[in-house]
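Undergrad: Here it is, the structure in full.
Read the figures in this text as sums done on the coordinates, not as results from a lab. Keep in mind that this is a model prediction, so the values were computed, not measured. Every residue, glycine as well, gets a Cβ built from its backbone with ideal geometry; the counts of neighbours run over all protein chains shown.
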Amino acid sequence: MALGWLHWLPRLLVLGLVLALPRATTGEQAPGAWRHKTTAFAGSAGNIQVLGASKRSGSRARPVSGRLRHTGSTLGLVVPEMERATPLAVPLGQAEVFQALQRLHMTIFSQSVSPCGKFLAAGNNYGQIAIFSLSAALSSEAKEESKKPVVTFQAHDGPVYSMVSTDRQLLSAGDGEVKAWLWAEILKKGCKEMWRRQPPYRTSLEVPEINALLLVPKENSLILAGGDCQLHTMDLETGTFTRALRGHTDYIHCLALRERSPEVLSGSEDGAVRLWDLRTAKEAQIIEVYKHEECSRPHNGRWIGCLATDADWMVCGGGPALTLWHLRSSTPTTIFPMRAPQKHVTFYQDLILSAGQGHCINHWQLSGELKAQVPGSSPGLLSLSLNQQPAAPECKVLTAAGNSCRVDVFTNLGYRAFSLSF
């Protein structure tokens, strides 16, 4: 009997506290968000969540199991998840508070430009994808409404970690699955998924994050990787998974294509960059970045959070320093003097662009000289997107997104022109 009372005592205490507070809203746990050291709130109206610190140095945090009861201010009560609660009615003013909290704690993980080059898709930690009209926002007659989404839809139950576009489809990845959406239907505001696929995981209980998507045009295939430490190849014509590349021992963060070889590069939490030969489906080369003294930064960890390739060159970073490598000799040639871990990197003309912790986009010369730091509006940046679609030269811009509800637009690489916003 005493044990039974001990079992019910926490629930009775919670019930008493909730009854003592003003009328509140309860809801199911919403999708997760980034990240380190801080605890954040996330959710939509009637759908708020508590987020915990990441268990990995470079990876995304798993949602803490719990509910937030909001009382009209930022005060809330977090309790362990027990049974499904029935949502109460949300007054209009409180719904606005929830929406404000949602925007305040939003993280935009991924971006993708439409095939026509006139639209930008952005995916956030609530599983939503917003479609922005770049052509309208860049117009000389643009208004504030032009910087809002033309359509927003719920794509995944969890965060939208990665997106890519084919000539017809928008592909998005979340927890354990990838979905396809037809661009023509999205723009008509008919956001119905075309198909969804789940890689053949080792157990039916495994639902790892799919953190990276990579198109291989010559094979008409899609490569996806993430929490199960494997690279899965899917035939886009048949929708079947044709092979799995195994070798990493920890979470995979990023992928890059070396088209001439053809090879795929993958960066992982295990500190290695692996090169895979797509013709033989075997590992061709491995670079353990953290074992090179000039790159190693033990206080940040060994994880590889970003990489990019250009012919015989690779640039990668994360826990180790951002470094330019010559692939044929497997040697580091340039160590970029950036203390903060970088989360995204890309080659652009004779520059390397990188972003990560901090609000600036860094412009590097190949020699290692920092040419410019261009500030954005987000406190941390997770993705950069260069719109170089030949069909829309007037929309040639750089966009940057991260730990906020805004997507910064740079019409000239030297300054931020304006921001799009969820």
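Undergrad: Among the aspartates and glutamates, which have Cα under 16 Å from the Cα of Lys147 when same-chain residues fewer than 8 positions away are ignored?
TA: The qualifying aspartates and glutamates are Asp408.
Undergrad: How large, in Å, is segment 258-360 by the Kirkwood hydrodynamic radius built from its alpha-carbon pairs?
TA: Result for segment 258-360 stands at 13.7 Å.
Undergrad: Counting other Cβ atoms within 10 Å, keep those with at most 12, restrict to DSSP loop, and tell me which trypsin sites (Lys or Arg not before Pro) in segment 231-322 are left.
TA: The qualifying sites are Arg260, Arg279.
Undergrad: At 25 °C and a viscosity of 0.890 mPa s, what translational diffusion coefficient does Stokes-Einstein give for segment 380-422, taking Rh as the Kirkwood radius over Cα pairs? Give it in µm²/s as a whole number.
TA: 228 µm²/s
Undergrad: While we're here: For segment 244-324, calculate the relative contact order in percent as a whole number, restricting contacts to Cα pairs under 8 Å that are 6 or more residues apart.
TA: 25 percent
Undergrad: Mind checking which lysines have their Cα closer than 19 Å to the Cα of Lys282? Skip sequence neighbours fewer than 8 apart in that chain.
TA: Lys218
Undergrad: For segment 322-389, what D do you get in µm² per second when you plug the Kirkwood radius from alpha-carbon pairs into Stokes-Einstein at 20 °C and 1.002 mPa s?
TA: 170 µm²/s
Undergrad: In debye, nearest 20: dipole of segment 188-282 around its Cα centre with unit charges on the Cβ of K, R (+) and D, E (-)?
TA: 380 debye
Undergrad: Please give me, ordered by residue number, the trypsin sites (Lys or Arg not before Pro) of segment 93-151 that lie in loop per DSSP and have at most 12 other Cβ atoms within 10 Å.
TA: Answer in residue order: Lys143.
Undergrad: Report, ordered by chain and residue number, the lysines lying within cross-link reach of Lys143, taken as a straight Cα distance under 22 Å and ignoring same-chain residues fewer than 8 apart.
TA: Lys118, Lys188, Lys189, Lys396
Undergrad: Right, here's the next one. Could you tell me what a quarter of the Cα convex hull surface of segment 306-422 works out to, in nm² with one decimal place?
TA: So the Cα hull casts an average projection of 7.4 nm².
Undergrad: Then there is this: First check a/c for segment 80-227, with a ≥ b ≥ c the square roots of the eigenvalues of its C-alpha gyration tensor; if it is under 1.5, answer rounded, and if not, answer prolate when a/b is larger than b/c or oblate otherwise.
TA: oblate
Undergrad: If you don't mind, there's one more thing I want to ask. Which Rg and Dmax, in Å, describe the Cα atoms of segment 212-287?
TA: Cα-based Rg and Dmax for segment 212-287 come out at 11.3, 34 Å.
Undergrad: Which trypsin sites (Lys or Arg not before Pro) from segment 150-238 combine a DSSP loop assignment with at most 13 other Cβ atoms within 10 Å?
TA: Arg168, Lys188, Lys189, Lys192, Arg202
Undergrad: I need the Debye-formula profile for segment 188-346: one equal scatterer per C-alpha, no solvent, reported as log10 I(q)/I(0) at q = 0.16, 0.17 1/Å, two decimals.
TA: So the normalised log intensities work out to -0.88, -0.97.
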